[in-house]
Amino acid sequence: MSQKSRLSWRVNEIVIVSVVAAACAVIFWIWDIAVDPATKTLFAAVPEYRPIVAGMWLPIVAGMWLLAGVLGGYLIRKPGAALYCEIVAAVISVFLTGGAWSQSILIAGFFQGIGAEIAFAVFGYRVWNLSTAAFAGALSGLFMGVNEIIIYYPDMEIFKAVIYVVCAVVSGIVLAGVLSWGLTKALAKTGVLASLASGVQARTVRG
């Protein structure tokens, strides 16, 4: 297979990654509904430590919002898949949230998608394993953490900012990277990924 054909997109891949993006947007929406009351309860329990708790708790749970980019890129395994999936998921999220924070959501989706895209590009879109997925989650988390500090917490102390970003990276590794790797393996076993590179690899490994 030529390099051009290996990296060019097919119609079914565009459809599949769009569906994945839509599913992730719904997951984001549900995750937000589930996390919000838990966050308020946690803050109410320890109001005097709210700044510290916010600096660690929020970026830790935020890794789920990185899932679209990492999962889309890991499934399709072609340039632009991670960024496309994350941006589409962000656009759909804007509609699900009634347009609230639309600009922030779209900006976040762009940078988070770029983070995952860079990670896959580092390996030339050729190496696909747990380490690759974890690295994509880590870079996506890094971009998320830095972006949020710049936008929401520009006056945050350096030490707290470092903790915030580190927590975002760890969350990205676990909730986006490892989870995407696990979901891909599970989906491959069902045969639904048969037309994708991720499904072909799964069959080769089993064979």
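The values are calculated or read from the model by the stated rules, or taken from the named source; none is laboratory data. Just so it is clear, the structure is predicted and the values come from calculations on it, not from any experiment. Don't worry about glycine lacking a Cβ; one is built from the backbone with ideal geometry, like all the others, and counts go over all protein chains shown. The accessibility values were calculated without ligands, DNA or RNA, using every heavy atom of the protein model including side chains. Shrake-Rupley method; radii C 1.70, N 1.55, O 1.52, S 1.80 Å.
LEU196 satisfies every condition listed in (1) more than 22 Å from ALA89 (Cβ to Cβ); (2) touching a residue at least 24 places away in the same chain (Cβ under 8 Å); (3) within 20 Å of the chain's Cα centre (by Cα) except (1). Set side by side, the residues SER8, SER18 differ, and just one is under 30 Å from TYR125 (Cα atoms), at pLDDT below 90 and open to solvent by less than 70 Å² (accessible area, probe 1.4 Å), which is SER8. Scan the stretch 21-59 for residues that are open to solvent by 80 Å² or more (accessible area, probe 1.4 Å) and either hydrophobic (A, V, I, L, M, F, W, C) or modelled with pLDDT of 85 or more (or both) and the total you get is 5.
Conditions (1) loosely packed, with under 15 Cβ neighbours inside 10 Å; (2) in contact with a Phe, Trp or Tyr (Cβ under 7 Å, 6 or more places away or on another chain); (3) farther than 17 Å from GLY80 by Cα, marked per residue:
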site	(1), (2), (3)
ALA100	yes, no, yes
ILE114	no, yes, no
ILE118	no, no, no
SER140	no, no, no
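Of all residues in the stretch 82-92, none satisfies being more than 30 Å from ASN12 (Cα to Cα), out of contact with any Ser or Thr (no Cβ under 6 Å at 6 or more places or on another chain) and open to solvent by less than 10 Å² (accessible area, probe 1.4 Å). Scanning the stretch 145-155 for residues that are out of contact with any Phe, Trp or Tyr (no Cβ under 7 Å at 6 or more places or on another chain) and either at pLDDT below 95 or among the polar types (S, T, N, Q) (or both) yields a total of 7.
Against the list (1) buried (at least 22 other Cβ atoms within 10 Å of the Cβ); (2) without any contact (Cβ under 8 Å) to a residue 12 or more places away in the chain, the condition PHE159 fails is (1). The set of residues from the stretch 173-193 being surrounded by 19 or more Cβ atoms within 10 Å (Cβ to Cβ) and touching a Phe, Trp or Tyr at 6+ places or on another chain (Cβ under 9 Å) comprises ILE173, LEU175, ALA176, GLY177, SER180, TRP181, THR184. For the stretch 109-153, a tally of residues being over 10 Å from the mean Cα position of the chain (by Cα) and closer than 12 Å to VAL169 by Cα returns 6. Per the conditions (1) in contact (Cβ under 8 Å) with a residue 40 or more places away in the chain; (2) out of contact with any Pro (no Cβ under 7 Å at 6 or more places or on another chain), the sole criterion not satisfied by SER131 is (1).
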